[in-house]
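To start, the structure under review is shown below, and the notes come after it.
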Amino acid sequence: MFCSTLYSIFIVIILILLNPSNAQLNSTFYSNTCPNVSSIVRNVIQQALQNDSRIAASLIRLHFHDCFVNGCDASILLDQAGNITLSEKNAVPNNNSARGFNVVDNIKTSIENSCPATVSCADILALASEASVSLSGGPSWNVLLGRRDGLIANQSGANTSIPAPTESLANITAKFAAVGLNTSDLVALSGAHTFGRAQCRFFNQRLFNFSNTGNPDPTLNSQYLSTLQQNCPQNGSGNTINNLDPSSPNNFDNNYFKNLLNNQGLLQTDQELFSTNGAATISIVNIFANNQTAFFEAFVQSMINMGNISPLTGNQGEIRSDCKKVNGS
């Protein structure tokens, strides 16, 4: 009986080893094959921040927009070339908006010099997000690794699955739920708007003619509204950038939530978290506004949750040698 049980366990172990696609992500995935990967990523971002204060927020946005489309598979990084006929880079949420691709390429080059054909571009986005947050004064965490890179892009998925800044809270909540994220994840991850910028075109509908009323969004703080109307005049350039968090635009802190309490959320989807009557998000915003530690802890868990959206593992996908294109193209 004992020998039979032992034999069964042995068979199960062999089957697991033969089918690595069942493997789970873990924080020590590269400890033998590329032990310095985290420090390589961090060093490149630290250098990039010296010339571009926006880059930290831009990199975490790439990870976010990647994971919401086909899972966290680095499909957002693929150029429109070869078999990629419709790049996610050209989808409405990303076109002339998503940025930081050059820094990802620099990270990949540095990693390839140390650990060739080992670290996926999908894992680079996850590692870059953690480094960007911690270098900006936010929390650090052990990033779960072991993702592989996708072979296709999904532009139509990017157009429909990525939350848009003009959507209702109900729609945004549904898009989060579609990828397995709950209301707490929604509020915590929205807190990434504590740093970075947004172009006028993503919120100018709030400033003059909100929902075809002929008036500004009534949830906008009047003084903040005046400032935004000056920055984004009615017939001005939609590409002018504005701080998502006017109080500490480059720091990762909980001021974003304090701004919401003062009706100073820049995007419609920001302010809706606090100003939608009866919403489950209101109490969470209050907690995070009053307790930065609570926000940081929730944010870390939600980043891990997001990073677990449908990853390719084992022998699925590939390890791209160039993040912009699939191997052999």
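Rundown of residues vs (1) of a type in the set (D, E); (2) under 18 Å from L59 (Cβ atoms); (3) open to solvent by less than 40 Å² (accessible area, probe 1.4 Å), yes/no style:
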| position | (1), (2), (3) |
| --- | --- |
| S97 | no, yes, yes |
| G100 | no, yes, yes |
| K108 | no, yes, yes |
| S114 | no, no, no |
| T118 | no, no, yes |
| S140 | no, yes, no |
| A164 | no, no, yes |
| N171 | no, no, no |
| F176 | no, no, yes |
Problem - The one condition in (1) modelled with pLDDT of 95 or more; (2) closer than 30 Å to S156 by Cα; (3) open to solvent by 40 Å² or more (accessible area, probe 1.4 Å) that L62 fails to fulfil - result: (3)
Practice task
Identify the residue in the stretch 76-95 that is open to solvent by less than 40 Å² (accessible area, probe 1.4 Å) and assigned to a loop (DSSP other than H, G, I, E, B) and, among all such residues, is farthest from K325 (Cα to Cα).
Solution key: P93
Fill in the blank from the handout: Requiring at least 1 residues that are aromatic (F, W, Y) and closer than 25 Å to S87 by Cβ, the helices (runs of 4 or more DSSP H) wholly within the stretch 104-221 are 169-178
Problem - The lone exception for A122 - which of (1) surrounded by fewer than 24 Cβ atoms within 10 Å (Cβ to Cβ); (2) closer than 20 Å to P35 by Cβ it fails - result: (1)
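The values are calculated or read from the model by the stated rules, or taken from the named source; none is laboratory data. Everything numeric here is computed off the predicted structure, so don't read it as measured data. With ideal geometry, Cβ positions are generated from the backbone for all residues, glycine too; neighbour counts draw on all protein chains shown. SASA here: full protein model, heavy atoms, side chains in, ligands and nucleic acids out. Shrake-Rupley method; radii C 1.70, N 1.55, O 1.52, S 1.80 Å.
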